[in-house]
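Take a look at the structure set out below.
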Amino acid sequence: MTGRFIAFIGLPGAGKSTVCASLATLVGGVALQEPQDWPPAVTDPSTVNGFTALNWFRAMRVPMYYRAMREREQGRIAVLDTYYDKIGHQLLGAAGMDWFLAPSDPYFDIYQEIARRDWEMLPNPDVIILFELREPVWRHFLASRGRSFDDEWGVSDRFLIQHHFVDAAELLSDTFDIPLLRFTQEISSPDIAAARLLSELRATGLLD
């Protein structure tokens, strides 16, 4: 297999991280995943604003984008479980995205500029995988992962924002001429989902 940088986009709780790990195993690649151990800056919204939480996540994720680029250059397959920072400029200020960072936040304009520069400058993948799913499937995954963060930050009330992720993925694909594969997530094991995704990638010629 030639080197590839594969990036996942989709709702929080869509099962991206577990499928990322399984897909990387199937193709003998590298799984690059958002950290699961979050500090109080992220888990306790009463102690900090959204700007600080977003900056913590960004500091964890951006180095993975550049590592994915290096893995690709060395002929390996890198699978990235979340690509929020590249599409953040499209999510900020969108209807229903106040939990992400509200326009009333005093740091909103600053982060908007950071997100604009990330859109322009962060490495682009070779393939975008857009995770889409029905609400009952999404709620099954949310319940399975059992994060109190989902309720505290209002994530569990935001299924209808899925279209923002769809729009952002399509714009990213169109702007930078990146192939986009729409993957319908179902209730199954991560291994089964990854095998199905791999089959779709090969059937469309996006992976050898």
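Would you pull out the residues with amide H under 5 Å of Leu206's amide H, same chain only if 5 or more places away, H placed 1.01 Å from N? Sorted by chain and number, the residues that satisfy this come to none at all.
Across the chain, Cα pairs under 8 Å and at least six residues apart give a relative contact order of 32 percent.
In a reduced charge model with +1 at each Lys and Arg Cβ and -1 at each Asp and Glu Cβ, the chain shows a dipole moment near 560 debye about its Cα centre. If the chain linking Leu198 and Leu26 were pulled fully straight, counting 0.36 nm for each residue of separation and taking away their Cα-Cα distance, it would gain 61.1 nm. Sequentially through region 121-133, phi angles give Karplus couplings (6.51, -1.76, 1.60; θ = phi - 60°) of 10, 5, x, 8, x, 8, 9, 9, 9, 9, 7, 10, 7 Hz, Gly and Pro residues having no value and appearing as x.
Here is how the number arises for the chain: DSSP H runs of 4 or more residues each give -39500 (n - 2.57), the sum is divided by the residue count, and the result at 222 nm is -16000 deg cm²/dmol.
Name the residues of region 11-42 whose amide N is less than 17 Å from a point 7 angstrom out from the Cα of Met60 along the C-beta direction? Taking a point 7 Å out along Cα→Cβ of Met60, the residues of region 11-42 whose backbone N falls under 17 Å are 11-21, 31-42. Counting only protein heavy atoms and a probe of 1.4 Å, the accessible surface of the chain is 53% carbon and sulfur. Per residue, the accessible area of the chain comes to 45 Å², computed with a 1.4 Å probe over protein heavy atoms only. Taking amide hydrogens as placed 1.01 Å from N in the peptide plane, the amide H of Val30 sits under 5 Å from those of Ile77, Ala78, Val79, each at least 5 positions away in sequence or on another chain.
Legend: calculated FRET efficiency, His140 to Ile178, from the Cβ-Cβ distance at R0 = 30 Å, rounded to 0.05, equals 0.50. With no solvent and one equal point scatterer placed on each C-alpha of the chain, evaluate the Debye formula and give log10 I(q)/I(0) for q = 0.18 Å⁻¹, two decimals. Result of the Debye calculation: -1.41.
Rounded to the nearest 0.05, the FRET efficiency derived from the C-beta distance between Asp37 and Trp99 at R0 = 25 Å is 0.75. Once the cut-off is 14 Å, how many percent of the Cα-Cα pairs in region 4-60 end up in the long-distance tail? Tail of the P(r) past 14 Å holds 62 percent of the pairs.
The values are calculated or read from the model by the stated rules, or taken from the named source; none is laboratory data. Just so you know, these numbers come straight off a predicted model, no measurement behind them. Here Cβ is always computed from backbone atoms with ideal geometry, including for glycine, and neighbour counts include all displayed protein chains. We work out accessible area using only protein heavy atoms, side chains counted, and drop any ligands, DNA or RNA first. Shrake-Rupley method; radii C 1.70, N 1.55, O 1.52, S 1.80 Å.
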